[in-house]
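Novice: Take a look at the following structure, please.
The values are calculated or read from the model by the stated rules, or taken from the named source; none is laboratory data. What you are looking at is a predicted structure, and each value in this text was computed from that prediction instead of being measured. Keep in mind that these areas ignore ligands, DNA and RNA; they rest on the heavy atoms of the full protein, side chains included. Shrake-Rupley method; radii C 1.70, N 1.55, O 1.52, S 1.80 Å.
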Amino acid sequence: DANGDNRVDLWSYFQGGIEVYRELDSTGSGKQDQFRWLNSAGTRWGVDTNGDRVIDYWKEISPEEVSREIVLALSANDVNRFLRVTLNEGELKSLALGEELNATVTRKIATLKAGFADAVKAVGFQSTLVQWYQLNAVMPGRVPAGEGGNQKDLVVFENAMTTVGDGNETKQIALGTLVCVGDNNWRAVDLPKIYDESQLSYTFIRPAGAQGGGAEANTEVVALVNKYQETQVELQKLPVAQRPAKHKEVFDSMIRLVAISPTQAERENWIRMLAESIMAATLQNEFPEGNEHIRAVYDSVAKTGNKELSAYVRYCQTQVDYYTDRHAGTDDMKAYMKWIENLEQMADEFEGTEAATEVMMQLASFQEMNSRSPEDMLKWYNKIIQTGGDSLLVRRARGAVMRLTSVGKEVPFKATDAAGKPFDIASLKGRFVLLCFWDSQNTTELPAIKETADQFAQAGVVVVGVNLDSDVNQLRAALARTPLPWTQLVAADGIDGTPALYWGIQGQNLPCMILYGKDGKVVRSNIENATELQAALAQLTK
């Protein structure tokens, strides 16, 4: 209790007698909202603003730790983790850059979200257990205020790279430019790629004649980017009734940027941002003309024959149409069924694209939650598998098919527990075994599941938890709030780790339970809650 109010508000974790990690409840809400790594564990200081126990932004993070976060984001294909250590529009504004440099950096950060998937493919990690070794960078440089119209000094690393271990191979990953946005707080502005000495990238300190990413933007692009940023800022200050017109201004600026962007990649990034922005404004009930505008964007993109981009915009259109139908007075169930139908049509029409495969996984998840027909559950998982390859989506789909067809089969399962000890489900043969997949964001049902399992403990029921948090500290904190005296299996990559992929578990469907009989065969493969568990155990143990 750090403030004398007789409530715990600080949790400290020690390793070798040294405090290495700390969680704080800084608001008195009863929930930890700040997370700090200390001493030999680093200097990171993360903040959770909405109580979901996921860091929303870094208050402090060193350049070394930024490079490590980028590596972990690439290995897990986690775009949100990557974006938390890249420069955002608010931080860009705080740098007070000169006009042309501001436009150049704006164009760079506009590509980060849409370009991340390609960066993952380009880096091409072969192992799911990539090891970060170190940041490789020369001394940081200080760009004095006044250069290029900048209003403040800047401290930057140019051409930073990081060394990683990928299985038996060592790789150098180019990170580009890192810039300091506060006290021990750094951000990246470039997409990572395999290091190539002939393709160095400069943003703030660019030697004469150097090739790289610091090329000046043309005057119209500079003016439009500035207008885009200004209208975005003005938008947040307006009352809701005045926002539709301002959204229209933002979209008009983006449409013009699509038209004059010098490269195809930049044009595609602005189109993706435009579709996302229309979708977000519509879903926030701030742009009633959203369906009309997103339809126009889709029609324009469809004419280009760019199937991948068309699929992405079409997905955004389905979300806008669903929201518009619901708020136009359409019966909720009818609107929902129409939405599912539109998603199915989109998945069929654009089969083979990344967006369509994502939608197939979404449809498969809906069927698992809402259908009891094995055919309905398996349909979309099998379609994903047919797309080929060994992506996370395909591996998860294979696991889901195995799980949903596992009843009556003796399915092997090995993993590692939180203490690092190996676990083999075969060692529990002769008992009823419940595998309970869960994470720290979905714990509401867990006390009832524990109570139900305890009722049948004397009948030989044993529970094995499979925690899908990517950070063991989240597991420990969750168990402090909701004690679960079970063996807890863990995986470094959480929902993208081997246990979740092996069984085809999805994060939105947690908790999820699989029940084995005493003969070592699966008897139930998709138990969703304590009520279903009660019925299954009563039937099994009678």
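Novice: Given a 1.4 angstrom probe, I'd like the percentage of the accessible area of the range 76-144 that is carbon and sulfur, rounded to a whole number.
Specialist: That share works out to 51 percent.
Novice: Something else now. Which angle between 0 and 90 degrees, to the nearest 10, do you get for helix 472-481 versus the longest principal axis of the chain when only C-alpha atoms count?
Specialist: The two axes meet at around 60 degrees.
Novice: How much of Val411 can a 1.4 Å solvent probe reach, expressed as accessible area in Å² and rounded to 10?
Specialist: Using a 1.4 Å probe on the heavy atoms, I get roughly 10 Å².
Novice: Moving to a separate point now. Report Thr444's accessible area, 1.4 Å probe, all protein chains in place, as a number in Å² to the nearest 10.
Specialist: Rounded to the nearest 10, the figure is 130 Å².
Novice: So with the 1.4 Å probe, I'd like the accessible area per residue for the chain, rounded to whole Å².
Specialist: 47 Å²
Novice: While we're looking at this one, here's another question. Counting only helical runs of four or more DSSP H residues, what would the 222 nm mean residue ellipticity of the chain come to if each run contributes -39,500 (n - 2.57) and the total is spread over all its residues? Intermediate results must be reported in sequence, preceding the final value.
Specialist: Numbers: 18 runs with 240 residues, N = 542.
Taking each H run of at least 4 residues, the total per residue is -14000 deg cm²/dmol.
Novice: Let me know the shape class of the range 412-542, please: from the alpha-carbon gyration tensor, a ≥ b ≥ c as square roots of the eigenvalues, rounded when a/c is under 1.5, otherwise prolate if a/b is greater than b/c, or oblate. Numbers along the way, then the final one.
Specialist: Details: a/c = 1.60, a/b = 1.32, b/c = 1.21.
Prolate is the answer for the range 412-542, as a/c is 1.5 or above and a/b outweighs b/c.
Novice: A further question follows. Just check the range 288-366 against the gyration tensor rule for me: Cα atoms, a ≥ b ≥ c as the square roots of the eigenvalues, rounded for a/c under 1.5, and otherwise prolate or oblate depending on whether a/b exceeds b/c.
Specialist: Note, shape of the range 288-366 comes out oblate.
Novice: Using a 1.4 Å probe over the heavy atoms of the protein chains, calculate the carbon and sulfur portion of the accessible area of the range 384-486 as a whole percent.
Specialist: Details: 2430 of 4790 Å².
Roughly 51 percent of what the probe reaches on the range 384-486 is carbon or sulfur.
Novice: Leaving out ligands, DNA and RNA, what percent of the accessible area of the range 282-357 is carbon and sulfur, probe 1.4 Å?
Specialist: Accessible surface attributable to carbon and sulfur in the range 282-357 totals 47 percent.
Novice: Ok, one more. Give me the percent relative contact order of the chain, please, defined on Cα pairs under 8 angstrom at least 6 residues apart.
Specialist: That works out to 8 percent.
Novice: Regarding the chain, what whole-number volume in Å³ per residue does the convex hull of its Cα atoms give? Present the calculation step by step, with values, prior to reporting the outcome.
Specialist: On the way: hull volume 102.5 nm³, N = 542.
Each residue corresponds to 189 Å³ of Cα convex hull volume.
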